[in-house]
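Structure first, then comments.
Each value in this text was obtained by applying a stated rule to the coordinates, not by laboratory testing. Predicted model only: the values in this text are computed from it and were never measured. Ideal geometry is used to build each Cβ from the backbone, glycine not excepted, and the neighbour counts take in all protein chains shown.
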């Protein structure tokens, strides 16, 4: 049962990653691409972490997976804010 | 299970290749930086998927990647600031509401609400 | 399925390496180089070298990325970042291909080693630690590690020598300014404590699991870099005494232990099995501090702010 759930969760995670990459490739400008990117970051990684957590041998690894996900969220949030503002500031300087 | 996890991991690598295309094409520096961010996150995911097979100490490597993922973005924000040591948010740059508030109110540049 | 994964990974690494040296855009090359480091970390994991993967992730994902991007920013600020690199350098390309071919031939000509090496497996219980990488680095080949820590210090001295006369002795790097209460400032307060914890954990756990002084020290250097770049931490001037004590603490302690071995033990830099575990932990702790400070100052650069503010 746990294996089946792992199959499903990791597949969903992969779908979100592929969707994020497709958005990064197909959307027309920096800000829309950033929007697509954050979906892959948060949801894709979260589902994969959940799927792998079901295979973990003890609670220590589950906690570590959760910490990794939270750190990735923190980093993604900061990075997207900084990249967007830097791009916006550059737009204003040249526009 | 190892077969399935490595299958998903290979799918992630293929998706990662798409992000690399964005790094190659740009056209802006911010696009390239976002491609690098996606590679970092996909790397964390791949390492998570490899952990059951390679040993759970692999999660420590994933932890490091997640910890330091934002450092490149911070470096990028510094790189695009005028003197190489600034912050894109200073003086309300890049935030239209802030600039309106700053223009309208000279004592406090922060917009409320 | 693993061979398909490995083949895809190798193909990606080659493509990224080629992309990093192709074309004229310097920023694009930098980003591809950062990506290259991240992919290499995954490759090291696949090769079973977790200690190297930890170091690779910390250095290329953190320190080198920060170093190149900050350097690019400085170049852009003076308008020197847009000078295109040459499209192809035939002598360099030829030399690179020749070296790769020679290495490839040498690799395939070597006999397949036993893993783990039988001598190592037999000597490991006497080394004081369970992680074979740490045992080799800090015990069996401690001489190499001692010299490497001094080399790191020497590299730092070389970088500090680039300071202008008027800026010495100031604080390393440029004065960073951020918006108070903004995203950068907030991140610079949240991340470094977590990173410090992770770094200390990696140093401590290096005796049993992948980790160690270099990995932990590099993580601490990287989060110290984050703290400095986001304005949460202002680095002390380069002649501050505590600073200099931290820089030499690791190599000095290592050297003193080696001399103690020569005077009261079996010889220079020997580790008697009863003391080995504790000695290795102490040396690793001191080395981690030195490595962290050295790498952070290396990346920040020579002093450029006016002395004493």
Q) Is it the case that the range A:25-32 has a residue that's surrounded by fewer than 22 Cβ atoms within 10 Å (Cβ to Cβ), under 17 Å from residue B:53 (Cα atoms) and either in contact with a strand residue (DSSP E or B) (Cβ under 9 Å, 6 or more places away or on another chain) or without any contact (Cβ under 8 Å) to a residue 40 or more places away in the chain (or both)? A) no
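At least 3 residues that are surrounded by 16 or more Cβ atoms within 10 Å (Cβ to Cβ), under 17 Å from the mean Cα position of the chain (by Cα) and facing chain B (nearest Cβ under 9 Å) in each: list the helices (runs of 4 or more DSSP H) lying fully within the range C:1-117 that qualify.
Per the criteria, C:26-46, C:50-58, C:64-77.
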Q.
Give me the helices (runs of 4 or more DSSP H) completely within the range A:22-95, filtered to those with at least 2 residues that are within 18 Å of residue B:76 (Cβ to Cβ), touching a helix residue (DSSP H, G or I) at 6+ places or on another chain (Cβ under 9 Å) and within 7 Å of chain B (Cβ to nearest Cβ), ordered by residue number.
A. A:30-39, A:59-94
Q. Checking residue A:36 against (1) without any contact (Cβ under 8 Å) to a residue 24 or more places away in the chain; (2) more than 25 Å from residue C:184 (Cα to Cα), which single condition isn't satisfied?
A. (2)
Q) So residue A:81 fits all but one of (1) within 13 Å of the chain's Cα centre (by Cα); (2) surrounded by 20 or more Cβ atoms within 10 Å (Cβ to Cβ); what number is the exception? A) (1)
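Only one of C:297, C:223 is part of a helix (DSSP H, G or I), within 22 Å of residue C:175 (Cα to Cα) and away from chain B (no Cβ under 11 Å); which?
The unique qualifying residue is C:297.
For (1) without any contact (Cβ under 8 Å) to a residue 24 or more places away in the chain; (2) within 16 Å of the chain's Cα centre (by Cα); (3) facing chain B (nearest Cβ under 9 Å), each residue gets a yes or a no:
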site: C:178; (1), (2), (3): no, no, yes
site: C:181; (1), (2), (3): yes, no, yes
site: C:191; (1), (2), (3): no, no, yes
site: C:210; (1), (2), (3): no, yes, yes
site: C:242; (1), (2), (3): yes, no, no
site: C:247; (1), (2), (3): no, yes, no
site: C:253; (1), (2), (3): no, no, no
Q. Could you count how many residues in the range C:154-185 are buried (at least 16 other Cβ atoms within 10 Å of the Cβ) and in contact with a helix residue (DSSP H, G or I) (Cβ under 8 Å, 6 or more places away or on another chain)?
A. 12
Q: Would you confirm whether any residue within the range C:213-221 is under 30 Å from residue B:86 (Cβ atoms) and in contact with a strand residue (DSSP E or B) (Cβ under 9 Å, 6 or more places away or on another chain)?
A: no
Q) Does residue C:255 count as touching a helix residue (DSSP H, G or I) at 6+ places or on another chain (Cβ under 9 Å) and part of a helix (DSSP H, G or I)? A) yes
